[in-house]
Amino acid sequence: MDYNINFPNLHIYLENVGKTIMIGDFAIAYYGIVIACGMIGGVLIAATIAKRSGQDPEDYFDMALYAIIFAVLGARMYFVIFNWDYYAADLTRIFNIREGGLGIYGGIIASIITVYILTRRKKLDFGLVADTAAPALIFGQCLGRWGNFFNREAFGGYTDNLFAMQLPVSAVRRNEITAELWEHAEIIDGITYIQVHPTFLYESMWNFVLMISLLFYWKHRKFNGEVFLLYLLGYGVGRFWIESLRTDQLILPILEVPVSMVVAALMVVGSAIWIILGRRKSRMAEDK
């Protein structure tokens, strides 16, 4: 397997970018390391926001433990369900998350349900907690996308734009290489490369801008839960576009459309309506 990753139009050529780091005889995937760093950073961001807004940071450390566990389980379950043909052939693959395969929407849904249950038990305002967690959640996604970089996955179709990324054919899954990518494949120093949209990079940059925007807006929110809804709206818009570029889309049975694009569209429409209703309710309360 070849380990080079190139960004030719940026004149960046990375050699020997491995997928794992060895500790003794045990291999730890960079994918897992990146996701773990994103989770830890996200928890710290949530705790900081909580402290500055008069909440108890300890509540967020407590909830994070459960939310992270169920988010990973939910993300894996989501991915397995929509790739069942692959995993049905060998059920042991389901437990090998080091090879990748987490559906972010499954993680979001699972974490929302988990946090909602915990806020009910702790008698906390779910909207306020969701607002506090939103910047933390998008930070985790922003950093976590770099796990796809190390795994050479979640890339898009052919492009020759400024950020075009070249990957050795030997380092990617063959079923994710489209006819168009094969058509534009290039041999460099005896190695066959495909040139793709680095969709992991697009989403990471989009998420970073969204996170900064949410942090700036946090103190100006009109009602509890608005920041979280803006997160869903902003993430949905970006994901709908980025998902349209990818070659590894999870397809919704019967309708034969990408699952993530459908979920993203529903998120955008649903959160936009909720924000409008929430702001209208807030204005009515102020007028009384």
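Just so it is clear, none of the values below were taken in a lab; they were calculated from the coordinates. Remember, predicted model here, so these are calculated numbers, not experimental data. Methodologically, a virtual Cβ is constructed for each residue, glycine included, from the backbone with ideal geometry; neighbour enumeration extends over all protein chains shown.
A few points about this structure:
- Filtered residues of the range 171-211 (kept if over 15 Å from Asn148 (Cα atoms), assigned to a loop (DSSP other than H, G, I, E, B) and in contact with a Gly (Cβ under 8 Å, 6 or more places away or on another chain)): Thr178
- Residue match in the range 256-267 (condition: in contact with a helix residue (DSSP H, G or I) (Cβ under 8 Å, 6 or more places away or on another chain), under 27 Å from Asn83 (Cα atoms), touching a residue at least 60 places away in the same chain (Cβ under 8 Å) and outside any helix (DSSP H, G or I)): no
- Residue in the range 155-165 that is closer than 16 Å to Pro198 by Cβ, out of contact with any Leu (no Cβ under 7 Å at 6 or more places or on another chain) and assigned to a helix (DSSP H, G or I) present: no
- Every residue from the range 47-100 that is surrounded by 18 or more Cβ atoms within 10 Å (Cβ to Cβ), in contact with an Asp or Glu (Cβ under 9 Å, 6 or more places away or on another chain) and more than 19 Å from Gln141 (Cβ to Cβ): Ala50
- Counting only helices (runs of 4 or more DSSP H) that sit completely within the range 29-97, those holding 3 or more residues that are of a type in the set (A, V, I, L, M) correspond to 30-52, 57-81.
- Residue count for the range 1-28 under the criterion of being over 21 Å from the mean Cα position of the chain (by Cα) and either in a strand (DSSP E or B) or free of Cβ contacts under 8 Å to residues at least 12 places away in the same chain (or both): the result is 14.
- Filtered residues of the range 184-206 (kept if β-branched (Val, Ile, Thr) and out of contact with any Lys or Arg (no Cβ under 9 Å at 6 or more places or on another chain)): Ile187, Ile188, Ile191, Thr192, Ile194, Val196
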